[in-house]
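The values are calculated or read from the model by the stated rules, or taken from the named source; none is laboratory data. Note that the coordinates shown come from a computational prediction; the quantities given were computed from them, not determined experimentally. Note that each Cβ is placed from the backbone with ideal geometry, even for glycine, and that neighbours are counted across all protein chains shown.
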Ligand code: PSU
Ligand code: MN
């Protein structure tokens, strides 16, 4: 356990050039703190579901963020898997948070640094608190061998990316990390056709869950046909198993449409999204500030309707992700 962060960096410097991959992996693992429940589950081949933390710090306001994070963890447990929420606390990457740690992270809100893959070394070196995005969460989940990861929506290719080159590192991380991410597709704040093209370039297997169409987060339909379709957790588990046995390096995206009873507000949310996008351009909000800005603004403009839909779809993803993780653990 690397609980004293003072030793984290000195341990990095002791890494030798000539060590076996197993030794290297053990040394890497000694730099992160794995909760006892997650550690036990990984050692015994039990189902584990990784969860990201930017959705807690930047994706939802306090206290709904804490309430949702706790409920999501409960859903994972009730469905037979162990939740591993991932975040960096005082410079220590934590895989599985205690109740106190989760509460602290949620109450700190946006003062916690949004941590994508590129930000990890700086957050660790400065012993800061970091909420991991999909890309950073993939890095730590893969380090400890977790194969299933649940979130709300992943980042993607932004609209006007041909000018701004704003493409989320979630997509390149998925291209090099053999983990299955369960999301409700991607938001219409993004360019969905370009996001699907980019995922293909990155060799990520993309399937819609019980649908022919790729979902657009708040709505079941995006107007884009999904590259593939899966209809049950067991089918998903078989794809993950094959991906792993073939030692492919790229990941998998299972896109689960928002439950029908929560998709009714889709049109209201879509018009709010258009307005938020215009405001972001007017106010010159760019880079990693854009996604949190749009999420918060759409929530304001819809009077909380988008937040309720967001919470509902994350919980649904947690349910299906846990079923997939359990099916996978039974295959192996
Ligand atoms: N999309 C959402 N909710 C979120 C995010 C994206 O609908 O909370 C967060 C996730 O953590 C995702 C990150 O990994 O934003 C992507 O940020 P960016 O677009 O800056 O790469
Ligand atoms: Mn970006």
### Message
Quick check on the stretch 44-66. Is at least one of its residues under 27 Å from residue 233 (Cα atoms), modelled with pLDDT of 65 or more and over 23 Å from the mean Cα position of the chain (by Cα)?
### Response
yes
### Query
Can residue 25 be described as surrounded by fewer than 21 Cβ atoms within 10 Å (Cβ to Cβ), under 22 Å from residue 125 (Cβ atoms) and out of contact with any helix residue (DSSP H, G or I) (no Cβ under 9 Å at 6 or more places or on another chain)?
no
## Note on the structure
Given the conditions (1) at negative phi; (2) more than 13 Å from ligand 1 (Cβ to nearest atom), every one holds for residue 114 apart from (2)
### Query
Which one of 136, 131, 141 is within 25 Å of residue 89 (Cα to Cα), part of a strand (DSSP E or B) and in contact (Cβ under 8 Å) with a residue 12 or more places away in the chain?
131
### Query
Only one of 279, 300, 234 is at pLDDT below 95 and surrounded by fewer than 19 Cβ atoms within 10 Å (Cβ to Cβ); which?
300
## Note on the structure
Residue pairs qualifying under the 9 Å Cβ cut-off, at least six apart or on distinct chains, with the first in the stretch 290-310 being without any contact (Cβ under 8 Å) to a residue 24 or more places away in the chain and the second being assigned to a loop (DSSP other than H, G, I, E, B) and surrounded by fewer than 23 Cβ atoms within 10 Å (Cβ to Cβ), are 293/283; 293/285
## Note on the structure
Restricting attention to the stretch 43-53, the residues that are within 16 Å of ligand 1 (Cβ to nearest atom) and either part of a loop (DSSP other than H, G, I, E, B) or on the phi > 0 side of the Ramachandran plot (or both) number exactly 2
### Query
When you go through (1) within 17 Å of residue 107 (Cα to Cα); (2) part of a helix (DSSP H, G or I) one by one for residue 40, which number turns out not to apply?
(1)
### Message
Considering only the stretch 263-286, I want to know if a residue exists there that is within 14 Å of ligand 2 (Cβ to nearest atom), assigned to a helix (DSSP H, G or I), closer than 26 Å to residue 164 by Cα and touching a helix residue (DSSP H, G or I) at 6+ places or on another chain (Cβ under 6 Å).
### Response
yes
### Task
Name every residue in the stretch 244-262 that is farther than 28 Å from residue 316 by Cβ and in contact with a helix residue (DSSP H, G or I) (Cβ under 6 Å, 6 or more places away or on another chain), in order of residue number.
249
### Query
Which one is surrounded by the fewest Cβ atoms within 10 Å (Cβ to Cβ), of the residues in the stretch 155-209 that are away from ligand 2 (no atom under 16 Å from the Cβ) and at positive phi?
203
### Query
Mind checking which residues of the stretch 117-135 are within 13 Å of ligand 1 (Cβ to nearest atom) and either closer than 19 Å to residue 198 by Cα or surrounded by fewer than 24 Cβ atoms within 10 Å (Cβ to Cβ) (or both)?
117, 118, 119, 133, 134, 135
### Query
Among the residues of the stretch 54-80, which ones are assigned to a loop (DSSP other than H, G, I, E, B), away from ligand 2 (no atom under 16 Å from the Cβ) and over 29 Å from residue 331 (Cα atoms)?
60, 61, 62, 63
### Task
Quick one: in the stretch 207-218, of everything that is in contact with a strand residue (DSSP E or B) (Cβ under 9 Å, 6 or more places away or on another chain) and within 16 Å of ligand 1 (Cβ to nearest atom), which residue is farthest from residue 276 (Cα to Cα)?
214
### Message
I'm checking my understanding of the structure. Among residues of the stretch 116-128 that are within 19 Å of residue 33 (Cβ to Cβ) and assigned to a loop (DSSP other than H, G, I, E, B), which one is nearest to ligand 2 (Cβ to nearest atom)?
### Response
128
